[in-house]
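Q: One structure, pasted below without further comment.
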Amino acid sequence: MITAEIPVFILCGGLGTRLKEETEFRPKPMVPIGNHPILWHIMRLYRRSGFRKFILCTGFKSEVIKSYFMNYSSLNSDFTVDLQSNTLKVHSIDHDDDWEVTVAYTGEQTMTGGRIAIAAERYLGNAPHAAVTYGDGLTDANLAQEFAFHCNHGKIGTILGVNPPSRFGEIHLEGDSVVEFLEKPEFKEKWINGGFFFFKREFFAKYLSRDEGCILERKPLVALANDSQLQMYKHAGFWGCMDTQRDRDSLNQLWETGKAPWAVPVNFVQGAQTQGAHR
């Protein structure tokens, strides 16, 4: 199945209260990493795997996201404004992004599951599958491979499983004697939700609700797991989530070094499509 035909729903409507330093005047997905909002980085890593149709599920300060994409070409290119006729001429487009972006307002207080249900009712269309992710996570996982895995196992949902290192050091003892000290160890068998999902279309009708209080991570995913319809695609590489200012600083430092694991070259041209995914 060609990934370019699969819609990607991105949750962009939360309040971002744990990152208040950055989100007082803009939604969290618009907080910059380097010179671009983290949302831009997320969309480019999807595009690297062939996906190009994005539905942004907005709420808090939706107008900031609307303005960004309404003016995307002029923000990233030279342009001329004729103030008398109020016309805009954008000169040669100085970016390689060929995305189709739908900005869908899904309410100020709506929770994650409700946002996706509202947006999917309008914009899922006839797509047999869809991707879902948050507006604050980055990874170097191959999302085309995760999608192929999803299509081939035949169940309703797939979750990206990641095992990031602990924030704290681990101490091994014999009695009161320290025999080993591990600084931020990795737990190879401890997998957590990496936030990059794929679902068959039936998930949106059967497990989600338009109710404002529907939380994706609670009843919908719990029910999917209880029905033995949720598989994990394990990824042992890079994953990072921008929950706090410390997280944002860490991602920025990686970007500034020029060695960010999730980075897609600015002049990247997408050509390949996913093979072997037919269900």
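Q: If one computes the Cα centroid of region 207-267 and of region 37-97, what distance in Å separates the two points?
A: Centre-to-centre (Cα) distance: 23 Å.
Q: Continuing with the same structure: With a 1.4 Å probe and every protein chain left in place, work out the accessible area per residue of region 3-100 in Å², rounded to a whole number.
A: Here the residues of region 3-100 average 47 Å² of exposed surface.
Q: Under the Karplus relation 6.51 cos²θ - 1.76 cosθ + 1.60, θ = phi - 60°, what is the ordered set of whole-Hz ³J(HN,Hα) values for region 28-39, x standing for Gly and Pro?
A: Working through the residues one at a time gives 3, x, 9, 5, x, 10, x, 9, 10, x, 4, 4 Hz.
Q: Using modelled amide H (1.01 Å from N, peptide plane; none on Pro or chain starts), what sits under 5 Å from the amide H of VAL103, excluding residues fewer than 5 places away?
A: Amide H to amide H, under 5 Å and 5 or more residues apart or across chains, VAL103 pairs with LEU56.
Q: Same structure again: Just list whichever of LYS155/LYS219; LYS20/LYS206; LYS20/LYS234 have alpha carbons separated by over 26 Å in the model shown.
A: Numbers: LYS155/LYS219 18 Å; LYS20/LYS206 35 Å; LYS20/LYS234 32 Å.
In this structure, LYS20/LYS206; LYS20/LYS234 exceed 26 Å between Cα atoms.
Q: Working out 0.36 nm times the residue gap between ARG201 and SER67, then minus their Cα-Cα distance, what length gain in nm do you get to one decimal?
A: Value of the extension gain: 45.2 nm.
Q: Enumerate the calculated ³J(HN,Hα) couplings along region 5-12 in order (Karplus 6.51 cos²θ - 1.76 cosθ + 1.60, θ = phi - 60°), each rounded to whole Hz, writing x wherever the residue is Gly or Pro.
A: 8, 8, x, 10, 8, 10, 6, 10
Q: For ASP82 and GLU256, FRET efficiency with R0 = 35 Å and r from the beta-carbon atoms, rounded to 0.05?
A: Efficiency, from the Cβ-Cβ distance: 0.35.
Q: Based on the alpha-carbon gyration tensor of region 41-118 and its eigenvalue square roots a ≥ b ≥ c, which shape applies: rounded if a/c is under 1.5, prolate if not and a/b is larger than b/c, or oblate?
A: Details: a/c = 3.45, a/b = 1.51, b/c = 2.28.
Oblate, since a/c reaches 1.5 and b/c is not below a/b.
Q: How far, in nm, would the chain grow between ARG122 and ALA4 when pulled straight, counting 0.36 nm per residue and subtracting the alpha carbon separation?
A: Roughly 40.6 nm would be gained on extension.
Q: Now a separate question. Using θ = phi - 60° and the Karplus relation 6.51 cos²θ - 1.76 cosθ + 1.60, list the HN-Hα couplings for region 252-264 in order, rounded to whole Hz, with x at every Gly or Pro.
A: 4, 4, 4, 5, 5, 6, x, 10, 4, x, 8, 4, 10
The values are calculated or read from the model by the stated rules, or taken from the named source; none is laboratory data. What you see is a predicted model; the values in this text were computed from it and never measured. With ideal geometry, Cβ positions are generated from the backbone for all residues, glycine too; neighbour counts draw on all protein chains shown. SASA here: full protein model, heavy atoms, side chains in, ligands and nucleic acids out. Shrake-Rupley method; radii C 1.70, N 1.55, O 1.52, S 1.80 Å.
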